[in-house]
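Below you'll find the structure, written out as structure tokens, and then a few comments.
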Amino acid sequence: MAQIAGSGEYVIDEVQKIVRTHVPGATCALLDYGKRIGCGELDDHGNLHEVRWLRRELDDEQVAKDAARMAKLIADANGSIPTDR
């Protein structure tokens, strides 16, 4: 487990690299005046799937675990028929 720390740009780049290994089109950004980081991607139905972390508690294992979970949720959503449209 390696903590991800540094400037805002560095942290975003590192988190986005990890997340994109699981969700290739994901985009990450600083949120809440730099206190949080969020990454998200749309499924095939246009629904947003996202994860957020507190910047001070950020580590590469947790990011990878959450990104894998988001990838599974997107895959599940893409394989289902939306009923709310």
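Residues in region 1-45 that are farther than 15 Å from ASP59 by Cα, part of a loop (DSSP other than H, G, I, E, B) and among the charged types (D, E, K, R): ASP43, ASP44. Pairing each residue of region 45-59 that is among the polar types (S, T, N, Q) with any residue that is surrounded by 14 or more Cβ atoms within 10 Å (Cβ to Cβ), provided the two are 6+ apart or on different chains, yields C-beta distances under 9 Å for ASN47/ILE74; ASN47/ALA77. Could you check region 1-44 and list, in sequence order, the residues that are small (Gly, Ala, Ser) and within 22 Å of ILE74 (Cα to Cα)? Those that are small (Gly, Ala, Ser) and within 22 Å of ILE74 (Cα to Cα): GLY25, ALA26, ALA29, GLY38, GLY40. The set of residues from region 18-35 being in contact with a strand residue (DSSP E or B) (Cβ under 9 Å, 6 or more places away or on another chain) and of a type in the set (Gly, Ala, Ser) comprises GLY25, ALA26, ALA29.
Throughout, read-outs are computed from the coordinates displayed, never taken from laboratory work. In this text the structure is predicted, and so the values were computed from the model without any measurement. Cβ sites come from the backbone with ideal geometry, for glycine too, and all protein chains shown count toward neighbours.
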